[in-house]
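Data first, discussion second: the structure below is written as structure tokens.
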């Protein structure tokens, strides 16, 4: 038996809150520091430290947009799931929207995974990888040999296991960056939908945003 600790289903099902206004995780209307932009979430932080924005976007590009045996939708789903476990509203909504336009079942499937991974109608390999991602979210040493063996039995390659761990670890960083500075986010899915349909990748989107800002 795999040493699996699924998140509390009731708590997962009741999250995220349905706030239409832009507030931080405490319900306040201001980040902890004065940013140089009123853009929400990590986008405002990218404006504040653009020299950090490029390598962070390049990392996202490699992890989520690069060609691999895991589809972009599956990779975005891992990012969204970890962000939900960390209760990071901006990152969850952003990557849930990206996943929803790229996986069969759309946002309904994303919500099923978020609310109750154990019963979500997804392939065994993806479920095993998401269990590894959840273990990483709890702490790196929470990933056991049983987790890895289960993923391999379901057909996961070493590259897929590696990338799952790295996506989960990276999004713990992103989530803590976003919420550690109390950036703002709303819970309206429409706010995230248009950006999710972009196909150019993270670096191209960031570069285009800089060009538009002049």
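Residues that are assigned to a loop (DSSP other than H, G, I, E, B) and closer than 26 Å to residue 40 by Cβ do not occur anywhere in the stretch 117-126.
Residues that are surrounded by 13 or more Cβ atoms within 10 Å (Cβ to Cβ), at pLDDT 95 or above and within 24 Å of residue 47 (Cα to Cα) do occur in the stretch 145-167, at least one of them. Scanning the stretch 184-200 for residues that are at pLDDT below 75 and over 11 Å from residue 98 (Cα atoms) turns up just one, 200.
If you filter the stretch 130-144 down to residues that are more than 14 Å from the chain's Cα centre (by Cα) and surrounded by 13 or more Cβ atoms within 10 Å (Cβ to Cβ), you find that the one that is nearest to residue 157 (Cα to Cα) is 132. With respect to being at pLDDT 95 or above and in contact with a helix residue (DSSP H, G or I) (Cβ under 6 Å, 6 or more places away or on another chain), residue 6 falls outside the description. Just one of the listed residues (35, 64) is in a loop (DSSP other than H, G, I, E, B) and either within 22 Å of residue 182 (Cα to Cα) or at pLDDT below 95 (or both), and it is 35.
Give just the number: which of (1) loosely packed, with under 15 Cβ neighbours inside 10 Å; (2) in contact (Cβ under 8 Å) with a residue 60 or more places away in the chain; (3) under 26 Å from residue 42 (Cβ atoms) does residue 88 not satisfy? Every condition holds for residue 88 apart from (1).
Which of the residues spanning the stretch 50-73 are surrounded by 12 or more Cβ atoms within 10 Å (Cβ to Cβ) and either free of Cβ contacts under 8 Å to residues at least 40 places away in the same chain or under 19 Å from residue 191 (Cα atoms) (or both)? Hits for the stretch 50-73 are 52, 62, 66, 71, 72, 73.
The values are calculated or read from the model by the stated rules, or taken from the named source; none is laboratory data. What you see is a predicted model; the values in this text were computed from it and never measured. A quick note on method: Cβ atoms are made from the backbone with ideal geometry, for glycine too, and the neighbour counts reach across all protein chains shown.
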